[in-house]
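The values are calculated or read from the model by the stated rules, or taken from the named source; none is laboratory data. Everything numeric in this text was worked out from a predicted model, so none of it was measured. For neighbour counting, all protein chains shown are included, and Cβ atoms are generated from backbone atoms with ideal geometry for every residue, glycine included.
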Amino acid sequence: MDEGAIIKMRKGIVRVTSAIPFEEQPSLLPLRIRDIMEANHLGRDIAFRAVVYGGQIYVCKDDDGARRVRATELICTSIADYLGIATAPFSVIEDNRGYTYFGSLENISTAALATMKSYLSWRQLGELGQPLSKPGRFLSSVHALDLLFNNRDRYPSNFILVPDGQDHRLCAIDFASARFSDLTTIAFPAPTDSTLRLGKILRELHGGHIGVTFEIIDHVAAMPMDVFDRILQTVPSDWISDDEKRVIRGAWSDLANGVRLPALRAGLRNGSLA
């Protein structure tokens, strides 16, 4: 978990939030596109890069057939944000036709890409040569969400470095392959999937903070339904239907008493998901 997270106690429930309390954060009003740019790092679901009014550049994603990419990204990234897991700033992006996309703020330069590769590939040390726990704790928190959502394709390119004062902050992007339908099952990434293969490599480099992974699972189980409902309300009505929202809400509401979280904890303890 990001060490800058704030832990609050409310009515006996432990919540982990970002610096701005979730309930005080503004709703996702669409940002209007000023110019469309070439997508110089096209991923599977990236439609284009857009300059919005204000000058920021966003990487915009659209749905892929029956895959509800936009809604999946918005819901999962909002949950990560609520849990205090650093993600790239995101927004609903609107073109001149009124069509909307999921957008992640782009903070990528050639220098930042090189720095990120070094950050992930080498053990991070403090001024006295001691291993730093922050990278490993953050990566363990992202791993928890990937397992929860059965996101099987986490790659090194699914992280970016965002300038943070004189330093950089590692952020997660891309939850497009998350599967809400698996929230009521015990289906998890397989050892051959990139999520588990990358996780093993990163834990060997940055430490296996399995306690952080368990903390995230516990916070998910304790997450109030009204918070999840507020997240669903931010999803534009043309991204998913009301029936689809009800199915996703039902699956999420069953998490605390269902089969998935016990199976996830068991897989972490026996090493099959660690």
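Of note:
- With respect to the stated conditions, I186 is within 19 Å of W252 (Cβ to Cβ), assigned to a loop (DSSP other than H, G, I, E, B) and either at pLDDT 90 or above or not hydrophobic (A, V, I, L, M, F, W, C) (or both).
- Among residues of segment 134-156, those that are surrounded by 15 or more Cβ atoms within 10 Å (Cβ to Cβ) and either at pLDDT below 75 or not hydrophobic (A, V, I, L, M, F, W, C) (or both), counted: 13
- Among the residues making up segment 117-133, a single one is under 14 Å from A172 (Cβ atoms) and either modelled with pLDDT of 80 or more or buried (at least 19 other Cβ atoms within 10 Å of the Cβ) (or both): L120.
- Here is the figure for segment 58-69: residues that are under 16 Å from L105 (Cβ atoms) and of a type in the set (K, R) total 1.
- Looking across D193, D167, one residue alone is of a type in the set (D, E, K, R), more than 20 Å from I217 (Cα to Cα) and at pLDDT below 95. It is D167.
- The residues of segment 189-207 that are in a helix (DSSP H, G or I) and of a type outside the set (K, R), listed by number, are S194, T195, L196, L198, G199, I201, L202, E204, L205, H206.
- Taken over segment 150-183, residues that are farther than 16 Å from K117 by Cβ, of a type in the set (S, T, N, Q) and assigned to a helix (DSSP H, G or I) amount to 1.
- Here is the figure for segment 222-251: residues that are without any contact (Cβ under 8 Å) to a residue 60 or more places away in the chain and among the small types (G, A, S) total 3.
- Matching residues in segment 234-260 - criterion: being part of a helix (DSSP H, G or I) and more than 18 Å from the chain's Cα centre (by Cα): D242, D243, E244, K245, R246, V247, R249, G250, A251, S253, R260
- Residues of segment 88-109 satisfying the condition of being modelled with pLDDT of 95 or more and in contact with a Cys (Cβ under 6 Å, 6 or more places away or on another chain): I93, Y101, G103
- Pair list, Cβ < 8 Å and 6+ apart or interchain, from segment 254-265 residues that are in contact (Cβ under 8 Å) with a residue 60 or more places away in the chain to residues that are of a type in the set (F, W, Y): A263/F188; L264/F188
- Residue identified as buried (at least 17 other Cβ atoms within 10 Å of the Cβ), out of contact with any His (no Cβ under 6 Å at 6 or more places or on another chain) and more than 24 Å from R70 (Cα to Cα) among R269, R203: R203
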